[in-house]
Amino acid sequence: MPTKRRPYSRDEFPFKSTQDAVVVLDAVDHIPAGESSRGTRFRELLGSNVPDSMASLADSLPGADSDGVAWADKLFDSVADGIERYTDAHGVAPSPDLLLAAMQQADSARHDYTNDGIPRSVMDSVGGSDHHAANSINANRALLAIEQLFETAIPFGSYLATDISSNEARLHILSHIAASTHGGYKANDSLNGGLAGKPFASSSRWMKFGGDFSAPQTQKVTSIVDRDGFCVQTDGLVVPPILRGRTIVYINGLVAAEERPNPSGETSPIAGAVTINGTEYSINAKSEPSRGLVTINSISPALPEGSEVVAQAYIDYERAPALTPRVGIEVETFSMYANPNRITTSTTIDFMTQLQRELSIDGQSQALQAVRTQLSMERHFEALRMARRLAKNTSVSHDLDLASRNSALLHWQIWQDFLPALSAVLQIVVEKTADASVEVAYVGRRLASEFLSLPREMFVPSGVRPRPGVYRLGRLFDLIDLYFLPDGENILRSDSAVGEHEMLLIGRGSQPGRSPIVLGDAVPPTLLSLATNADFNSNLGMYSREFTRVNPHYRSAHGAALMTIKGIK
């Protein structure tokens, strides 16, 4: 299946660091297939657009390895490989925040600590020139940290840069708000995402008239409008002056009468006629610009029942400057702190040498791989359990009723009816988060088998062969990337006896930090060689400092939903 990349653009992101990350992702796309010197080619494509974090890290690396390959080129090669591996595994390019987190982890890997906990740079390939530093870090560790993060990244998480000294990560949510009560907004209402678009900046105001017009009807132009966009007529509201010569009366959406400006009078006549279904209707109305009033005196002949009569006028801000709407910028800041993880392993020297001699296996490398896999899977399952709890706030069900419908419809036709229900849930998540919709979903064994049996027009397999743990199954309805979640984890309920199976849907924020689950690493998983005892047992330790938690931003935390699909036994 061809990879499906997200259409990132620098203009989507307000911060320079994130914009630079988008440039990196774009450059990787243009590295020719089969390029032998990927790192060198990558740097050439970036030119002067190398992000500060990558440039600083490249400068801190030693000159070249034992084969004469520049460590800086190997850094760029690791970034390119990591991005490609992530894309192959998930069908989309990594988000800019993940790339920034990878750079931060690599930077953390080049630090050691003094006794008072202050980080110091000890990046070299063998140790100091005067003696070997017991805790010196090989330059390769920085590159491994980058590749490791891309390989173990959770596809629905937002990754935050975490300070190595304080263990703190700060999440900044920038919002545009209404700084004044105006139009369809109250003061401090959000203007972001799906909440934007109600009347606010425009001076246009609409009034709705009703009844049979046997007597004159007057409507006020007010700065506040209702959910339908019409001026609220409540007593006590400010009634601003309106512009002369701009008022229009519509009947059933058609222009019926327009104001004839009176430069000096208190009122201006509004007159005209419109033909609807063969009948001509004449309108006699007036506006009072200084008082902000529009009056319809009569409409003849009488309109049919159900006709809609509205008027449009414009606020004169020059005569009422205090009513000019104001937009504010609000930044919510949340602090999160990394917590330590540790695990140890011990092997005897006899066991180590036997593995190496008989199986050509490095026991320490195997232990390292096992621990890294365990840590990454624990984190993934923990994030899924958090998302499962959040999904209770948007929980829906859909009954396919396969048993009774299979005789009348083909199997795939029944599943086609699932698309409207799924689309509705995706829209609910958009409205709740005021941001991006669901992009990934997790299912168990029973639903996975159903989706894999669908025609390729409905479900496109990822090409990943079944394997233990979580992996991407494919893309459903060209809307969401579907992942397999082992039933044994007890995160999703799947009961074939009653025919009910759960599907967990999780959104990915359109901006860094807007996903429902946020993650950060102050210290990436790092292998430590512990003391070898007198019994020649070799001890290793794995240490990391990280956090995985629900997004503290209220709207962002609503980016998950749960669908219970019924009727599948």
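With a 1.4 Å probe and all protein chains left in place, how much of the accessible area of the stretch 218-278 comes from carbon and sulfur atoms, in whole percent?
49
So which aspartates and glutamates pass the test for K569, namely a Cα distance under 17 Å, with those fewer than 8 places away in the same chain ruled out?
Once the sequence-local aspartates and glutamates are set aside, what remains near K569 is D399, D401, E450, D487, D495, E500, E502.
Efficiency by 1/(1 + (r/R0)^6): what FRET value for V396 and D487, r their Cβ-Cβ distance, R0 = 30 Å, to the nearest 0.05?
E(calc), rounded to 0.05, equals 0.90.
With the cut-off at 1.5 for a/c, could you classify the stretch 363-453 from its C-alpha gyration tensor as rounded, prolate or oblate?
Judged from the Cα gyration tensor, the stretch 363-453 comes out oblate (a/c at least 1.5, b/c at or above a/b).
Around K569, with a cut-off of 12 angstrom between Cβ atoms, what is the net charge of the other residues, counting Lys and Arg +1 and Asp and Glu -1?
-2
Find out how many positive minus negative residues lie around G474, taking Lys and Arg as positive, Asp and Glu as negative, among other residues whose Cβ is under 10 Å from that of G474.
Once all neighbours under 10 Å are counted, the net charge is +2.
Tell me whether the stretch 202-324 comes out rounded, prolate or oblate; compute the Cα gyration tensor, take square roots of the eigenvalues as a ≥ b ≥ c, and use a/c under 1.5 as the rounded threshold.
Since a/c reaches 1.5 and a/b is larger than b/c, the shape of the stretch 202-324 is classed as prolate.
Can you work out the FRET efficiency for the pair F351 and K569, with r the C-beta to C-beta distance and R0 = 45 Å, to the nearest 0.05?
0.35
Placing +1 at every Lys and Arg Cβ and -1 at every Asp and Glu Cβ, with all other atoms neutral, what dipole size does the stretch 202-324 have around its Cα centre, in debye to the nearest 20?
300
Going by Cα centres, the stretch 373-452 and the stretch 153-212 are how many Å apart?
Cα centroid to Cα centroid, the span is 28 Å.
Determine which residues of the stretch 190-220 fall in the zone a paramagnetic label at S307 would reach in this model, i.e. backbone nitrogen under 17 Å from the point 7 Å along Cα→Cβ.
208-218
Based on the Cβ-Cβ distance of A497 and A370, what FRET efficiency does E = 1/(1 + (r/R0)^6) give at R0 = 45 Å, to the nearest 0.05?
Efficiency computed from Cβ-Cβ geometry: 0.80.
Using 7 Å Cα-to-Cβ label points, what is the S407/D228 separation (nm, one decimal)?
Result: 4.9 nm between the two label points.
Aspartates and glutamates near K220 by alpha-carbon distance under 12 Å, same-chain residues fewer than 8 away left out - which ones?
Straight-line reach from K220, under 12 Å: D235, E288.
Note down the nm distance, to one decimal, between modelled labels 7 Å out along Cα→Cβ at D212 and at V464.
Going from the D212 label point to the V464 one covers 7.0 nm.
Taking Cα pairs under 8 Å and at least six residues apart, what relative contact order does the stretch 202-324 come out at, in percent?
For the stretch 202-324, the relative contact order is 33 percent.
Could you work out the relative contact order of the chain, using alpha carbon pairs under 8 angstrom and six or more residues apart, expressed as a whole percent?
Over the chain, the number comes to 15 percent.
With every protein chain kept in place and ligands, DNA and RNA left out, what is the accessible area per residue of the chain? Probe 1.4 Å, answer in Å².
It amounts to 48 Å² per residue over the chain.
Short version: ³J(HN,Hα) in whole Hz for each residue of the stretch 165-182, in order, from phi by Karplus 6.51 cos²θ - 1.76 cosθ + 1.60 (θ = phi - 60°), x for Gly and Pro, what are they?
Using θ = phi - 60°, the values come out as 8, 8, 6, 9, 10, 10, 9, 10, 10, 8, 10, 9, 10, 7, 8, 8, 6, 7 Hz.
Using modelled backbone amide H atoms (1.01 Å from N, in-plane), which distant-in-sequence or interchain residues come within less than 5 Å of A560's amide H?
Residues meeting the criterion, in which the H sits 1.01 Å from N, are G507.
Let a ≥ b ≥ c be the square roots of the eigenvalues of the Cα gyration tensor of the stretch 250-395; is it rounded (a/c under 1.5), or, if not, prolate (a/b larger than b/c) or oblate?
prolate
Greater than 20 Å separation of Cα atoms is the criterion. Which listed pairs, K186/K432; K208/K286; K432/K566; K392/K432; K186/K208; K186/K392, meet it?
Pairs exceeding 20 Å: K432/K566; K186/K208; K186/K392.
So for the chain, what are the equivalent ellipsoid semi-axes in whole Å, largest first, each being the square root of 5 times an eigenvalue of the Cα gyration tensor?
Taking √(5λ) for each eigenvalue gives 61, 31, 20 Å, largest first.
Of the DSSP beta bridges with both residues in the stretch 202-324, give the percent that are antiparallel, rounding to the nearest 5.
Here the share of antiparallel DSSP bridges comes out near 95 percent.
Would you calculate the separation in nanometres between label points at Q416 and E332, each defined as 7 Å from the Cα along the Cα-to-beta-carbon direction?
4.2
Would you mind calculating the gained length between S282 and S204 on full extension (0.36 nm times residue separation, minus the Cα-Cα distance), in nm to one decimal?
Once the chain is fully extended between S282 and S204, it gains 25.6 nm.
The values are calculated or read from the model by the stated rules, or taken from the named source; none is laboratory data. Being a predicted model, the structure only gives us computed values, none of them experimental. We place every Cβ from the backbone using ideal geometry, glycine too, and count neighbours over all the protein chains shown. In case anyone asks, the SASA skips ligands and DNA or RNA and just uses the protein heavy atoms, side chains included. Shrake-Rupley method; radii C 1.70, N 1.55, O 1.52, S 1.80 Å.
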